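Before any comments, here is the structure.
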4 protein chains.
Amino acid sequence: MTTTYPLRLAMVGGGPGAFIGAVHRTAALMDGAFTLVAGALSSDPAKCQERAAEWGIAPERAYDSWREMLAAEQALPEEMRAQVISIVTPNHLHHEVAIAALHAGFHVACDKPLTTTSAHAVAIADALESSGKLFLLTHNYTGAPMVREARALVAQGEEGPIGTLRKVYVEYLQGWLSEDLETTGQKQAAWRTDPKRNGPGGSLGDIGTHAHNLAEFISGQRITRLLGSRRSFVEGRAVDDDAMAMIEFEGGADGMLRCSQVCVGRENGLAIQLFGTKGGLEWRQEHPNDLTIYSATEGPLTRRTGNGYLSPLAQSSCRVPPGHPEGYLESFANLYREFADAIRSGDPLPTHLPSIEAGNTWT
Amino acid sequence: MTTTYPLRLAMVGGGPGAFIGAVHRTAALMDGAFTLVAGALSSDPAKCQERAAEWGIAPERAYDSWREMLAAEQALPEEMRAQVISIVTPNHLHHEVAIAALHAGFHVACDKPLTTTSAHAVAIADALESSGKLFLLTHNYTGAPMVREARALVAQGEEGPIGTLRKVYVEYLQGWLSEDLETTGQKQAAWRTDPKRNGPGGSLGDIGTHAHNLAEFISGQRITRLLGSRRSFVEGRAVDDDAMAMIEFEGGADGMLRCSQVCVGRENGLAIQLFGTKGGLEWRQEHPNDLTIYSATEGPLTRRTGNGYLSPLAQSSCRVPPGHPEGYLESFANLYREFADAIRSGDPLPTHLPSIEAGNTWT
Amino acid sequence: MTTTYPLRLAMVGGGPGAFIGAVHRTAALMDGAFTLVAGALSSDPAKCQERAAEWGIAPERAYDSWREMLAAEQALPEEMRAQVISIVTPNHLHHEVAIAALHAGFHVACDKPLTTTSAHAVAIADALESSGKLFLLTHNYTGAPMVREARALVAQGEEGPIGTLRKVYVEYLQGWLSEDLETTGQKQAAWRTDPKRNGPGGSLGDIGTHAHNLAEFISGQRITRLLGSRRSFVEGRAVDDDAMAMIEFEGGADGMLRCSQVCVGRENGLAIQLFGTKGGLEWRQEHPNDLTIYSATEGPLTRRTGNGYLSPLAQSSCRVPPGHPEGYLESFANLYREFADAIRSGDPLPTHLPSIEAGNTWT
Amino acid sequence: MTTTYPLRLAMVGGGPGAFIGAVHRTAALMDGAFTLVAGALSSDPAKCQERAAEWGIAPERAYDSWREMLAAEQALPEEMRAQVISIVTPNHLHHEVAIAALHAGFHVACDKPLTTTSAHAVAIADALESSGKLFLLTHNYTGAPMVREARALVAQGEEGPIGTLRKVYVEYLQGWLSEDLETTGQKQAAWRTDPKRNGPGGSLGDIGTHAHNLAEFISGQRITRLLGSRRSFVEGRAVDDDAMAMIEFEGGADGMLRCSQVCVGRENGLAIQLFGTKGGLEWRQEHPNDLTIYSATEGPLTRRTGNGYLSPLAQSSCRVPPGHPEGYLESFANLYREFADAIRSGDPLPTHLPSIEAGNTWT
């Protein structure tokens, strides 16, 4: 392939007040692998134009709807046309946009969760298969260097410091929905607690999916059985704001998963502990550059980003030397950069990049 | 009451190679509230005498059996006679010794778990009631100053920084039984994995009871329902070495409890997080002098031992000023000291001290 | 002013093997405020072209020398011409490039330290004054949200939680030069230990300047006196690899500054503690999203990025919500973004942005 | 020797309101190696009797003065007589009591600092030499298991993980004297800021001595030169409440020492970092059970109390298994227990126990 950088990106969603759209833009632009050329950024045309101006998108490529955008971009000369569609809308729109974009010949980067029903997920998978395009599901925490190091250590199996996995404890605790923020006009809270836009899983869809994905990504195993419960602590809330489950993995390990958005004062507490026959691992997203390794014969060892002792993928996931903190945006940007590399090379996605099969929906 | 310090203590169990017996002795002696005057320290008379010599117990009061000790001590003049019997044997002996000691007119300090069946627990409770004596179940972590501070903060309810409890996550993770240590002759591992001596609950009886007790002590609520699983990861082990449960509290909170002795490299990882409508708490036993308080409007606050801002009970539970670490033995010693105070005063046990009703056995 | 985004940036230095050039590029591009249009990236033309291709710079704007670049860019039509020159060369070239760029009508962003002698510093200042352009000295840690929060808290003086400053302890400990890496061909080590390219201050120039700047930035005071020592632990090294000093501030506080590049195993340990009459602060660069606030009447409070309780500048310095780590690059990017805002607005630099007067050279 | 446990201890100082006297008592009693039989606990006879009753000392052995006590105890039959005198008075009394006690044939345990002038120190040393008795200076932090582990690692020199020492940074930061507490009647503050009772060194004598001792104990080297400053931040205070120094060691290392009692909100912040040619160490007293080991080739390793991988002395300094926190009192008690062992065995003090030569006075 001869595609050169930067690749051209178009975005669906991401208007003023949105959170994740701006994150995708920064992540895509960070290394110069993408340039943002078009957008259907809001269902309100004025807001779309406002954001387009702020983001340096030409007014004529700030579209009133994503359907219009797909058609107009398809009609552009190949060297101008967007190559990748980034979907950052509320969850209920993911499947429709993704399928249409794939059919129209675009690669797709889609925010998690994949969609809100299994049927929709299967439909996206079918569209992907027939399209010959690439699909990235932005489970961003899999881009964190020390998460990748953890996965590499587990993958060594009995030869490595962890051995055969026995226990996996994963949790994602937040507090920002401990009151009924959704009735105050806060946009993020409003759509995430609306089953029509968010799907049936409240905390499960929003953050439980991250916990689920992280457990599978590091363990290298699928969760095959679970027994759990969901609850809405805030009166009148239509979706769960808290969930917990006992989980079992295909390889014989078991453990627990919990997620909550009513743990007052907890910010973004994604954390995982894994233990095998020989050692253990602990990673906490809020201090993402540390990975603790437990062993039976020495005290806990902390591996850190940027160091030469890391596995190759973890090393190549770092932008700065040891002791220079890698942030949330950098790990997100790793996915976009590697997605661009795959598109440019014409190869399939590397196995560590989350694609359609990472899109378990739990519903 | 005119009883003066030190009170006279006799011990059942605690011979060479035992762990918890030495802990009880140090805890009891730490503040000069007890002196150790007698013991049935081992079923092997030579070992009993050896330990007695090491511990400064007169040879004639180092008895060959606990039955002999109870009889002989009863026959001594009141001013010499042991006043309290400390039971630090494997679990299966607790009920028999406790009942006999109470019937013989001694106060009893018993290591946890209370016993191994509900029937035995009821029998001890009956003996206690008819005896008019005091009974201390040494759930030692309830003696830690910051655990007591946590309990005080939760007890303030809607007036306090936590509000009404919603979530309680408690865990107790160890790694020392990740291999079959019990076949190597290690005494601690041998009895703890033997259902005849330990009771049916392996990790549950040994450390799950601590997690259960801690959750109830801090929350001020009983766990009324649970759904869980137990497992033995080590081949051939006769008791569970790992367990997990979803739990519900009488006041409406729910959460998770997990305990494991196969988390390689974890030492003594008792930890709890609680979240209410207004804030949250986190305490980790391995750094016991810190209590984190979460709130919706400020960052996490760390309260620490020895400071004047603590609740009265937490303050009186500290022996040294701020920044001077209180250890495991000190929190254990708090129970003994307050037990001695209650005996001396003739009052019932204060409600914060664990007695018979803290002895849920989960079986 | 009507300048629109992105501004056009040209870089001097930053060729293959350089560290800080790539950092400047990512930082400048992160928010779309700059686009990199030109560069004199290496003294080796082939390497310059190689990097230019990698970075998406047109071959004809990848120049063989910075002098050629300044001339050629000046000759371009205004709407194409670079607006800002970013200087990321070894230290000894800073002054010459900066002065020429300012004289040629470009704004300048210059890596720290400003230069290697006081005379050069004065010459840059003179050039700046006569140019009417803006000058950014990239003391990147001043862009970290919690550093800015610290500064805001100290600035409240007796009205705030810190009161009048008494003590400032600042340190910057690294280990990467604990052996004579410079003789192995490592490019970073080679120029930083060569007084001709680095200037006379080894660790002092490289990292001591950061510590010095951080202490002044947060305290809001200049260091007016110091007494210290410098040392080269590695045999044959021509510059200091370790230094320490007792320091005094214009406002009456005193303290200590230390920097070292031979603290084996320490990565990038910039840290500061400040204490006033009412409270204290602690910030550690390796976990930059936490700011500890000490008080006399409560335990330590940890403020964290992304929260609404932060000062306005700290809040606007965050790109992601609470619990989503901001990294090294983000804090660096804050300087570039705010520099772009100032250029666009035509206003002087805001006082919190480091400019020429932050360039104390200590030599 | 045939001396059996418990040894008999008499105390000078330690009346109501004193801090360190109660600590010495608990430490001495913790393992049953000592029993407290006599005391000159206060210059106020009523207070002395009050404390004696509380502590279980017979009224007739609660003396009105230490001179009276020495004479009376000497006159008792050998099997009753106190064997060790513990000196826990304000500093100005140490030398007189110590010399008299040694001359009277008692072993002496003396709180730090040794005394307030070099002449007094020499006089104590002379009395000790002629007495043939043992002398313990209770630099209690040298009893902490992980401090002893640190010393053992450094002692391995080039064979060990640290190599030859280059840098030693030690600090002891407190905040409790940040206001003029001494004028409020607080007893601890009153004598410690009174040069007549405390000696000329305020923070230096109280806590700087600990920092100095810790640096020498772990490094295994004497500090041979220093350059520093002292200051009183609180108006009207007669002694320093803050000090700092650049220091040099006999083996070629250098570093910094700082101590302060005006760092508001800091509790008992004794901390040390040491770096050698191969690795480094970090220990923080407030979390004393962790010792961080830095290396050039792996991430930081944390060694913890109670583990089998520790050096023999560190292991024997632990009372409880891994993960069960050892506290301040336990490390203090290690000194008393080993002092008792030495007395009982008739051997000289082991070299790791602080005796007269640890009593550098800095004045």
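The values are calculated or read from the model by the stated rules, or taken from the named source; none is laboratory data. Since this is a predicted model, take the numbers as computed values, not measurements. Note that each Cβ is placed from the backbone with ideal geometry, even for glycine, and that neighbours are counted across all protein chains shown.
Filtering the range D:313-330 to residues that are more than 7 Å from chain B (Cβ to nearest Cβ), touching a residue at least 40 places away in the same chain (Cβ under 8 Å) and hydroxyl-bearing (S, T, Y) leaves only D:S317. Among the residues of the range B:182-191, are any within 15 Å of B:F275 (Cα to Cα), in the same structural domain as B:L281 (by TED's automatic domain parsing) and not basic (K, R)? No. Looking across the range C:22-55, the residues that are assigned to a loop (DSSP other than H, G, I, E, B) and more than 8 Å from chain A (Cβ to nearest Cβ) come down to C:A33, C:L41, C:S42, C:S43, C:D44. All conditions in (1) closer than 25 Å to C:S86 by Cβ; (2) not in a helix (DSSP H, G or I) hold for C:R344, with the sole exception of (2). Taken over the range B:73-91, the criterion of being in a helix (DSSP H, G or I) and either in contact (Cβ under 8 Å) with a residue 24 or more places away in the chain or not assigned by TED's automatic domain parsing to the domain that holds B:A104 (or both) is satisfied by B:E73, B:Q74, B:N91. Applying the selection to the range D:146-183, what residues are among the hydroxyl-bearing types (S, T, Y) and either more than 14 Å from chain C (Cβ to nearest Cβ) or in contact with a Pro (Cβ under 9 Å, 6 or more places away or on another chain) (or both)? Result: D:T183, single match.
Does D:F332 satisfy being surrounded by 23 or more Cβ atoms within 10 Å (Cβ to Cβ), in a helix (DSSP H, G or I), aromatic (F, W, Y) and at pLDDT 95 or above? Taking the combined requirement at face value, the residue satisfies it. Checking each residue in the range D:295-304 for being touching a strand residue (DSSP E or B) at 6+ places or on another chain (Cβ under 8 Å) and part of a loop (DSSP other than H, G, I, E, B) picks out D:A296, D:E298, D:G299, D:P300.
Does the range C:62-70 contain at least one residue that is surrounded by fewer than 24 Cβ atoms within 10 Å (Cβ to Cβ) and either among the β-branched types (V, I, T) or within 19 Å of the chain's Cα centre (by Cα) (or both)? Within the range C:62-70, none of the residues are surrounded by fewer than 24 Cβ atoms within 10 Å (Cβ to Cβ) and either among the β-branched types (V, I, T) or within 19 Å of the chain's Cα centre (by Cα) (or both). Looking at the range A:114-148, which of the residues that are among the charged types (D, E, K, R) and over 14 Å from A:L353 (Cα atoms) is nearest to the chain's Cα centre (by Cα)? Looking at residues that are among the charged types (D, E, K, R) and over 14 Å from A:L353 (Cα atoms), I get A:K133. For the range A:96-114, the criterion of being farther than 30 Å from A:T305 by Cβ, touching a Ser or Thr at 6+ places or on another chain (Cβ under 8 Å), in a loop (DSSP other than H, G, I, E, B) and of a type outside the set (K, R) is met by at least one residue. If the condition is being within 14 Å of chain B (Cβ to nearest Cβ), crowded, with 19+ Cβ neighbours inside 10 Å and of a type in the set (S, T, N, Q), then the range A:289-307 contributes only A:T292.
Just one of the listed residues (C:E286, C:E267, C:E338, C:E282) is away from chain D (no Cβ under 14 Å), of a type in the set (D, E, K, R) and surrounded by 17 or more Cβ atoms within 10 Å (Cβ to Cβ), namely C:E338. For the range D:152-174, the criterion of a residue being within 23 Å of D:D111 (Cα to Cα), among the small types (G, A, S), part of a helix (DSSP H, G or I) and in contact with a helix residue (DSSP H, G or I) (Cβ under 7 Å, 6 or more places away or on another chain) is satisfied by no position. B:F19 meets the conditions (1) touching a strand residue (DSSP E or B) at 6+ places or on another chain (Cβ under 6 Å); (2) closer than 27 Å to B:H139 by Cβ in every case but one. The failed one is (1).
For the range D:1-21, the tally of residues that are farther than 21 Å from D:G346 by Cα and either assigned to a helix (DSSP H, G or I) or more than 10 Å from chain B (Cβ to nearest Cβ) (or both) stands at 10.
Specify which of the listed residues (B:L349, B:L310, B:L353) is in contact with a helix residue (DSSP H, G or I) (Cβ under 9 Å, 6 or more places away or on another chain), within 14 Å of chain D (Cβ to nearest Cβ) and not in a helix (DSSP H, G or I). Residue meeting the stated conditions: B:L310. On inspection, A:V23 does not qualify as within 20 Å of A:H103 (Cβ to Cβ) and out of contact with any Cys (no Cβ under 7 Å at 6 or more places or on another chain).
Only a single criterion out of (1) surrounded by fewer than 22 Cβ atoms within 10 Å (Cβ to Cβ); (2) in contact (Cβ under 8 Å) with a residue 12 or more places away in the chain; (3) over 23 Å from A:G327 (Cβ atoms); (4) not assigned by TED's automatic domain parsing to the domain that holds C:T209 is not satisfied by C:G359, namely (1). Taking the range B:237-253 as the range and being of a type outside the set (V, I, T) and either within 7 Å of chain A (Cβ to nearest Cβ) or more than 25 Å from B:E158 (Cα to Cα) (or both) as the test, the residues that pass are B:R237, B:A238, B:D240, B:D241, B:D242, B:A243, B:M244, B:A245, B:M246. Taking the range A:73-100 as the range and being of a type in the set (A, V, I, L, M, F, W, C), within 20 Å of A:F34 (Cα to Cα), surrounded by 17 or more Cβ atoms within 10 Å (Cβ to Cβ) and more than 19 Å from the chain's Cα centre (by Cα) as the test, only A:A82 passes. Output yes when any residue across the range A:185-208 is within 13 Å of chain B (Cβ to nearest Cβ) and surrounded by fewer than 23 Cβ atoms within 10 Å (Cβ to Cβ), and no when none is. Looking for residues that are within 13 Å of chain B (Cβ to nearest Cβ) and surrounded by fewer than 23 Cβ atoms within 10 Å (Cβ to Cβ), one finds none in the range A:185-208, hence no.
Looking only at the range A:210-227, decide whether some residue is among the polar types (S, T, N, Q), facing another protein chain (nearest Cβ under 10 Å), on the phi < 0 side of the Ramachandran plot and surrounded by fewer than 24 Cβ atoms within 10 Å (Cβ to Cβ). No: the range A:210-227 contains no residue that is among the polar types (S, T, N, Q), facing another protein chain (nearest Cβ under 10 Å), on the phi < 0 side of the Ramachandran plot and surrounded by fewer than 24 Cβ atoms within 10 Å (Cβ to Cβ). Checked against the criterion of being in the same structural domain as B:P200 (by TED's automatic domain parsing), more than 19 Å from B:Q156 (Cα to Cα) and without any contact (Cβ under 8 Å) to a residue 12 or more places away in the chain, the candidates B:G306, B:G299 yield just one match: B:G299.
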